[in-house]
Amino acid sequence: MPARRTGLDELDLLILRLVRERPRTGLLEIARLAGVARGTVQARLDRMAADGVITGFGPTLSPAALGYPVQAFTTLEVEQASREHISSALHAIPELLEAYIVTGPGDVWCRLAGRDNEHIQQVIDGMLTIPGVRRSTTVITLSEVVAHRVHPLAGLGRADR
């Protein structure tokens with residue numbers, strides 16, 4: 001098995017930027033814009049996917065456009081021995097966009113989407129019925145300042161780390 005490269009070079013970053021900015025553009029056009037062969041672009045994308053740098057190619061969906069304009073962050077306090085069961089139960093909640101086990105106050109941080117505040121309350125009430133969940137603390141978002149992003153990390157040089 002060939003050794004895995006660490007880090008991204010300038011061509012990798014250019015290809016990622018082009019794919020991000022033009023997600024419906026074909027590889028031949030990406031190659032033309034990058035000034036390399038189509039096979040080079042394909043090989044670079046395949047390598048970045050195999051290395052886990054690229055985690056998906058699907059469309060990014062808007063909860064608001066799907067009818068879920070309200071977002072909230074909920075912190076759950078849980079019984080530590082129940083974390084695995086709680087994780088499985090949380091995975092089954094469609095309004096749960098992401099969840100993380102964290103250090104500090106609270107045990108699990110969740111990001112939720114709902115139709116309105118009442119719907120968010122119903123989702124939280126359902127979460128509180130999961131065995132092992134003791135209590136929750138919730139804040140409702142007012143506006144998005146910076147959307148979830150990872151791409152700025154890809155461009156950081158080794159000196160910036």
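Structural remarks
- Of the residues making up the range 122-136, those that are open to solvent by 50 Å² or more (accessible area, probe 1.4 Å), outside any strand (DSSP E or B) and within 12 Å of Thr74 (Cβ to Cβ) are Asp125, Leu128.
- Among the residues listed as Arg24, Arg32, Arg20, the single one being in contact with a Lys or Arg (Cβ under 9 Å, 6 or more places away or on another chain) and more than 25 Å from Met127 (Cβ to Cβ): Arg32
- Number of the condition not met by Val146 [criteria: (1) touching a residue at least 24 places away in the same chain (Cβ under 8 Å); (2) under 30 Å from Leu18 (Cα atoms); (3) not polar (S, T, N, Q)]: (1)
- Any hit, the range 50-57, residues being within 23 Å of Leu153 (Cα to Cα), over 16 Å from the mean Cα position of the chain (by Cα) and in a helix (DSSP H, G or I): yes
- Test result for Ala154, touching a residue at least 60 places away in the same chain (Cβ under 8 Å), surrounded by 10 or more Cβ atoms within 10 Å (Cβ to Cβ), within 30 Å of Leu14 (Cβ to Cβ) and small (Gly, Ala, Ser): yes
- Any pair with Cβ under 7 angstrom, 6 or more apart, that starts in the range 76-99 at a residue that is over 22 Å from Val139 (Cβ atoms) and ends at one that is of a type outside the set (Phe, Trp, Tyr) and in a strand (DSSP E or B): Glu79/Arg134; Arg83/Ile101
- Subset of the range 60-106 [loosely packed, with under 12 Cβ neighbours inside 10 Å, outside any loop (DSSP other than H, G, I, E, B) and among the polar types (S, T, N, Q)]: Gln80, Ser88
- Selection from the range 107-121 of residues that are assigned to a helix (DSSP H, G or I) and open to solvent by 100 Å² or more (accessible area, probe 1.4 Å): Glu118
- Residues in the range 29-39 that are without any contact (Cβ under 8 Å) to a residue 12 or more places away in the chain and surrounded by 16 or more Cβ atoms within 10 Å (Cβ to Cβ): 1 in all.
The values are calculated or read from the model by the stated rules, or taken from the named source; none is laboratory data. Being a predicted model, the structure only gives us computed values, none of them experimental. Cβ: placed from backbone, ideal geometry, glycine included. Neighbour counts: every protein chain shown. Remember, those area values only see protein heavy atoms, side chains included, never the ligands or the DNA or RNA. Shrake-Rupley method; radii C 1.70, N 1.55, O 1.52, S 1.80 Å.
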